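The values are calculated or read from the model by the stated rules, or taken from the named source; none is laboratory data. These figures come from a predicted structure and were not determined experimentally. FYI the Cβ positions are ideal-geometry reconstructions off the backbone, even for glycines, and counts take in every protein chain you see.
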Amino acid sequence: MNAAAAKARLRTKLPVLMVLLAVLVGAITLAVVAVRGHQAQPSQAQQVQQIAAGLHCPICKDLSVADSPAPLAQQMRAEIAQKLRAGESADEIRASFVAAYGDSVLMSPPRRGLSGAAYFLPAIVILVGVLGAAMLIRRWVRSPETGPADDVEAAPLSATQRRAVHRALARLREEEPA
Amino acid sequence: MRRITRRRGILLGVVAAVVSAVVVLLSTGLGKDPSVVASPLVGRVAPDFTLSQLNGPPMTLSKLRGQVVVVNFWASWCTECHTEQAALDQTWQQFQDSGVVVVGVNFEDTTGDASDYVRTAGVAYPVVEDTDSRTALAYGLRGIPETFIVDKTGRIVDRIIGPVDATKLSSEINEVLLAGAR
């Protein structure tokens, strides 16, 4: 195998290698996040902070209850702490605020109804993108010289055109050195 | 001449559908006033409270059952609350003998400032203090002034964001009174 052929082969395989690398990096990232998720039980202050970070400060613009210095946000944090002490779960506490304010008090949209689209749509878009990229890469690998395949179908040849093609091919064969 | 293949046609159709969906979502969302968020409390029993009055004994909302209650959240530092003061006073004068109670719930204020305002502005209806904002949170308060109309059965029938208008408030109270009489 000569060097030029090896280079050409590498060039055609490069997109596949890049996709594989991206998948590998993604998998490693997910693994790290999964491992980090199993941390020690957070303190009550950390739990308050976590719950408050997931709630909009109702009287501020684009600030969470955790970040807002507003007295109402302070009161919300105090209420979260009190509810935690009373044994309520994070979900129950969030639900109590949703009961008074509606879903808009949540920093992230709920996973049900129309808002649920915010969670599955990006995954679908990424999946479609990956599939599209995979199809393109497959085509490039199959015909590296021509590049991306043409999506336009050739019109069927007429009888005259077919005869002309046959004549041209016959001429080429005659001109070919034995 | 190039013909559009079936595959390309499907792709164009999908893109057109996605673009249309985004346009519809944006156009319906942009048509709404972001400051007006529907309250999930409307139609539900009003959260109960027992709060101390500025000039009187503690007041409990559930003890007012059988009357229409106008719960108005306000503060002495809130200029829009000053704007609606006359409308609330007018409503109180007009309906206090018809089974309607106006309750001012003082929010994020000091007792001194609230008392001074009540005295100088001549607020005649009962005013209670929500010192720890717990009642405000129970009512899903997003700012002041905010007013809730509670019917005779204790259900919230409306929430008004911003200063109330005397005429609108009167007609709404009349409707609630009529509905309760049926």
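Could you check, for the range B:52-73, whether at least one of its residues is farther than 16 Å from B:Asp151 by Cα, in a loop (DSSP other than H, G, I, E, B), in contact (Cβ under 8 Å) with a residue 24 or more places away in the chain and in contact with a Phe, Trp or Tyr (Cβ under 9 Å, 6 or more places away or on another chain)? Please lay out each step first, then the result.
Pass one, the range B:52-73, residues farther than 16 Å from B:Asp151 by Cα: B:52-59, B:73.
Those still in the list that are in a loop (DSSP other than H, G, I, E, B) too: B:54-55.
Within this subset, residues satisfying the condition of being in contact (Cβ under 8 Å) with a residue 24 or more places away in the chain are B:54-55.
Filter again for in contact with a Phe, Trp or Tyr (Cβ under 9 Å, 6 or more places away or on another chain), leaving none.
No: the range B:52-73 contains no residue that is farther than 16 Å from B:Asp151 by Cα, in a loop (DSSP other than H, G, I, E, B), in contact (Cβ under 8 Å) with a residue 24 or more places away in the chain and in contact with a Phe, Trp or Tyr (Cβ under 9 Å, 6 or more places away or on another chain).
Each residue in the range A:10-67 was checked for being exposed (fewer than 11 other Cβ atoms within 10 Å of the Cβ) and within 30 Å of B:Ser39 (Cβ to Cβ), and 2 pass.
Within the set B:Val128, B:Val105, the sole residue that is in contact (Cβ under 8 Å) with a residue 60 or more places away in the chain, under 22 Å from B:Leu51 (Cα atoms) and not in a helix (DSSP H, G or I) turns out to be B:Val128. Counting only residues that are more than 29 Å from A:Glu79 (Cα to Cα) and among the aromatic types (Phe, Trp, Tyr), the range B:118-139 holds 1 of them. Put simply, of A:Ala155, A:Ala117, A:Ala123 the only residue that is modelled with pLDDT under 90, among the small types (Gly, Ala, Ser) and not in a helix (DSSP H, G or I) is A:Ala155. Whether a residue is more than 14 Å from every other protein chain (Cβ to nearest Cβ), in contact with a Phe, Trp or Tyr (Cβ under 8 Å, 6 or more places away or on another chain) and surrounded by fewer than 16 Cβ atoms within 10 Å (Cβ to Cβ) was assessed, and B:Ala124 passes this test.
Applying the selection to the range B:56-76, what residues are out of contact with any Ser or Thr (no Cβ under 8 Å at 6 or more places or on another chain) and exposed (fewer than 15 other Cβ atoms within 10 Å of the Cβ)? Selection gives B:Gly56, B:Pro57, B:Ser62, B:Lys63, B:Gly66. Count of the range A:70-107 residues, restricted to those that are touching a Gly at 6+ places or on another chain (Cβ under 8 Å) and more than 11 Å from every other protein chain (Cβ to nearest Cβ), is 3. Any residue in the range B:135-144 that is at pLDDT 95 or above and away from chain A (no Cβ under 13 Å)? No; the residues of the range B:135-144 include none that is at pLDDT 95 or above and away from chain A (no Cβ under 13 Å).
In the range B:152-182, how many are buried (at least 20 other Cβ atoms within 10 Å of the Cβ) and in contact with a Leu (Cβ under 9 Å, 6 or more places away or on another chain)? The number of residues fulfilling the criteria is 4.
Show me the helices (runs of 4 or more DSSP H) entirely contained within the range A:1-112 in which 1 or more residues are at pLDDT 80 or above, within 32 Å of the chain's Cα centre (by Cα) and more than 22 Å from B:Leu141 (Cα to Cα). Before you say what the answer is, go through the steps one by one.
On the way: elements: A:3-37, A:44-53, A:71-85, A:90-101.
By residue number, A:3-37, A:44-53.
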